[in-house]
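**Student:** Take a look at this one; I'll ask things after.
Nothing in this text is a laboratory measurement; each read-out follows from the coordinates by a stated rule. No experiment lies behind these values; they were computed from the predicted model shown. Every residue, glycine as well, gets a Cβ built from its backbone with ideal geometry; the counts of neighbours run over all protein chains shown.
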Amino acid sequence: MTRCGNVVLAGPPNVGKSTLLNALVGEHLAIVSPKPQSTRLPVVGLLTRADAQFIFTDSPGLLEPEYRLHEAMRAAALRAIADADVIAYLHPLSEYPAPALQGVARLDRPPRAPVVTVYTKADLVPLSDRPTVRPSDGIVVAAGRGEGLDALLDALRARLPDGPFHYGPDDLATQPSRFFAAEFVREAAFELLHEELPYSVAVEIDEFREGAAPVYIRAVVYVERDSQKGIVIGAGGRTIKTLGQAARGKIEALLGEPVFLELRVKVLPKWRRHAPSLKRLGYAG
Ligand SMILES: Nc1nc2c(ncn2[C@@H]2O[C@H](COP(=O)(O)OP(=O)(O)OP(=O)(O)O)[C@@H](O)[C@H]2O)c(=O)[nH]1
Ligand SMILES: [Mg+2]
């Protein structure tokens, strides 16, 4: 008998959910940033090990919404939690013990699925300061270094429902390449832009042509105001050029093919607060 199920990685912003997804799957699928709130949409990563298939979902950080995009992010995180067979609830080891997920997520009742508490970023806590975490209490990981992952997989596997695999044993992702292309442009924006700017950036893929080398991708980088457009383009177009090179490298690494990436910068006024814009960008519902 095999086991297969949805495992959501949930928790507050910046605790290392996306880093853990990538470490578990062994591929850079989810964007990672030292800046919080980098994940806006769930990212699915697959891992099949012996008799168990894990369908991991990296979810946006649980936060108090301040504008419509936040509301959409919170709704997506809550849906992922509601749909999960197992919840991996992430919390930094440096802030041990973790408060109950029900409070952090402001749920009316405890989640339906079993919860495994995952204490993250263990490498940031000196050995002499590390709390004793019993296996019944949580699993300690340092995903950046690949530590604790086997113990975590064992704990998750024990809670997976019996059932046939939903995907091929070598499948890694379920979302289309153009989704990852847009996300990697956004990841480059988180790396190269500062303060409010990465949060004002959204990416729309206009054209995605596979089949001939190089893969041709044309994308629009949206910002919220005219003044931001100038900064993202930079003097003589330098900033957008650097951003495009960084994003292209990330997309090529995932696709394993050369990519031609063309970026244009446009203003979509206050898109974070504008329901039709969120819908158009794929952030609503
Ligand atoms: N030292 C250390 N840093 C880590 C570890 N895991 C993640 N980080 C760092 O923590 C920061 C946030 O990581 P993410 O994976 O983007 O966190 P997240 O929970 O997905 O964040 P949001 O999507 O914004 O909610 C990044 O700078 C990571 O490199 C770890 O095991 N050790
Ligand atoms: Mg994330």
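**Student:** Of the beta bridges DSSP finds with both residues in the range 177-280, what % are antiparallel, to the nearest 5?
**Tutor:** Here the share of antiparallel DSSP bridges comes out near 45 percent.
**Student:** Related question: Does the chain come out rounded, prolate or oblate, given a ≥ b ≥ c as the square roots of the eigenvalues of its C-alpha gyration tensor, rounded meaning a/c under 1.5 and, failing that, prolate meaning a/b above b/c?
**Tutor:** Since a/c reaches 1.5 and a/b is larger than b/c, the shape of the chain is classed as prolate.
**Student:** Name the shape class, rounded, prolate or oblate, that the alpha-carbon gyration tensor gives for the range 146-210, where a ≥ b ≥ c are the square roots of its eigenvalues, rounded holds for a/c under 1.5, and otherwise prolate holds if a/b is larger than b/c and oblate otherwise.
**Tutor:** Numbers: a/c = 3.41, a/b = 1.67, b/c = 2.04.
Verdict is oblate for the range 146-210.
**Student:** Now a separate question. Quick one: putting +1 on the C-beta of Lys and Arg, -1 on the C-beta of Asp and Glu, what dipole do you get for the chain around its Cα centre, in Debye to the nearest 20?
**Tutor:** 820 debye
**Student:** Still on this structure: Going by the alpha-carbon gyration tensor, a ≥ b ≥ c the square roots of its eigenvalues, is the range 3-157 rounded (a/c under 1.5) or, if a/c is not under 1.5, prolate (a/b greater than b/c) versus oblate?
**Tutor:** Here the range 3-157 falls in the rounded category.
**Student:** Quick one: Cα centre-to-centre distance for the range 172-231 and the range 234-285, in angstrom?
**Tutor:** Between the Cα centres of the range 172-231 and the range 234-285 lies a distance of 2 Å.
**Student:** Ranking 1, 73 by Cβ neighbours within 10 Å, fewest first, what do you get?
**Tutor:** Neighbour counts put them in this order, fewest first: 1, 73.
**Student:** Additional query: Name the residue from 122, 92, 133 whose Cα lies farthest towards the positive end of the charge dipole of the range 3-157, charges +1 on Cβ of Lys and Arg and -1 on Cβ of Asp and Glu.
**Tutor:** Farthest towards the positive pole: 92.
**Student:** Sequence neighbours fewer than 8 away in the same chain don't count; with that in mind, list the lysines whose C-alpha is under 19 Å from residue 121.
**Tutor:** 17, 35
**Student:** Treating cross-link reach as a plain straight distance, find the lysines whose alpha-carbon is under 19 Å from the alpha-carbon of residue 229, omitting any fewer than eight places away in the same chain.
**Tutor:** List returned: 241, 266, 270.
**Student:** Of 249, 261, 222, which is farthest on the positive side of the dipole of the range 177-280, counting Cα position, with +1 on Lys and Arg Cβ, -1 on Asp and Glu Cβ, and the Cα centre as origin?
**Tutor:** 222
**Student:** Going by how many other Cβ atoms sit within 10 Å of their own, how do 108, 85 line up, fewest first?
**Tutor:** 108, 85
**Student:** Taking the Cα centre of the range 1-155 as origin, work out the dipole magnitude from +1 charges on Lys and Arg Cβ and -1 charges on Asp and Glu Cβ, in debye rounded to 20.
**Tutor:** 240 debye
**Student:** Output the antiparallel fraction of DSSP beta bridges having both residues in the chain, as a percent to the nearest 5.
**Tutor:** Close to 40 percent.
**Student:** Using mean Cβ contacts within 10 Å as the protection proxy, how do 275-284, 39-48 order, highest first?
**Tutor:** Descending mean neighbour count gives 39-48, 275-284.
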